[in-house]
Amino acid sequence: MKSYTYLTLAAMLISWAAGLGGHALLSIPLYGSVAGGDTQMVAFWSAPFMLLAWGLFILLPEKWILKVYRKRSRWGFVLFTTGYALLTFTLLIGWIFLQSGNFWIVYADAAVIGGVFGLAFRLLVRWSEKHYRRPSSIY
């Protein structure tokens, strides 16, 4: 796994799973059960939006994201991806939730997804550089 497309897709899938896990764990104290927080509905509807966000906001601005990746520290990049995920979520669908009383729950999911994406992407890039003899194609 050495190309930008594969690395970002793997990082996106890892972060999506972490976001769903966080949503499920947050649903238990807030709603009494995982089902009370509509975790199945969130999982179903978030998948197409995650793929859309990956295509529009991760794949298309590849050079810009790699520039930010190279210039920032690990935690600086994680903060960047967290903010970028919140902005992306707001542009795609989050504006609908702003009118509801529990909008912060879905924004917390987006923040978890963005933060885990930043960590996973950095770890996957390091892993691919270590396990492939040829230089990584993302540079």
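The values are calculated or read from the model by the stated rules, or taken from the named source; none is laboratory data. If you're wondering where the values come from, they're calculated on a predicted model, not measured in any experiment. With ideal geometry, Cβ positions are generated from the backbone for all residues, glycine too; neighbour counts draw on all protein chains shown. For the accessible areas, the whole protein counts, side chains as well, though only heavy atoms, and no ligand, DNA or RNA atoms are used. Shrake-Rupley method; radii C 1.70, N 1.55, O 1.52, S 1.80 Å.
Applying a 10 Å radius around every beta-carbon, put 39-45, 88-94 in order of their mean neighbour count, most first. It would help to have the intermediate numbers written out before the result.
Details: 39-45: 13.9, 88-94: 17.4.
Ranked by mean Cβ neighbours within 10 Å, highest first: 88-94, 39-45.
Think of the chain as having a plus end and a minus end, set by charges on the Cβ of Lys, Arg, Asp and Glu; of G36, T8, I93, T8 sits farthest toward the positive end of this dipole. Does segment 57-112 come out rounded, prolate or oblate, given a ≥ b ≥ c as the square roots of the eigenvalues of its C-alpha gyration tensor, rounded meaning a/c under 1.5 and, failing that, prolate meaning a/b above b/c? It is oblate, given that a/c is not under 1.5 and a/b is not larger than b/c. The tail of the calculated P(r) for the chain, taken as Cα-Cα distances beyond 22 Å, holds 38 percent of the pairs.
Could you give the size of the charge dipole of the chain about its Cα centre, using +1 on the Cβ of each K and R and -1 on the Cβ of each D and E, expressed in debye and rounded to the nearest 20? Display every interim value, and only then the final one.
Working: 12 positive and 4 negative charges, 205 e Å.
So the magnitude is around 980 debye.
Surface composition of the chain: carbon and sulfur atoms hold 70% of the protein heavy-atom accessible area at a 1.4 Å probe.
Of D109, D38, which has the most accessible area and how do the rest follow, probe 1.4 Å? Let's see the in-between values first.
Working: D109 15, D38 95 Å².
So, going from the largest accessible area down, we get D38, D109.
Each residue of segment 108-124 was assigned a 3J(HN,Hα) from its phi angle through the Karplus expression (A = 6.51, B = -1.76, C = 1.60, θ = phi - 60°), giving 5, 4, 4, 5, 5, 4, x, x, 5, 4, x, 5, 5, 4, 4, 5, 5 Hz with x at Gly and Pro. The sum of -39500 (n - 2.57) across all DSSP H runs of n ≥ 4, divided by the residue count of the chain, sets its helix-only mean residue ellipticity at 222 nm to -24000 deg cm²/dmol. A Förster radius of 35 Å, combined with the Cβ-Cβ distance separating L66 from W95, puts the computed FRET efficiency at roughly 0.80.
Taken per residue, the accessible surface of segment 1-129 reaches 56 Å², heavy atoms only and a 1.4 Å probe.
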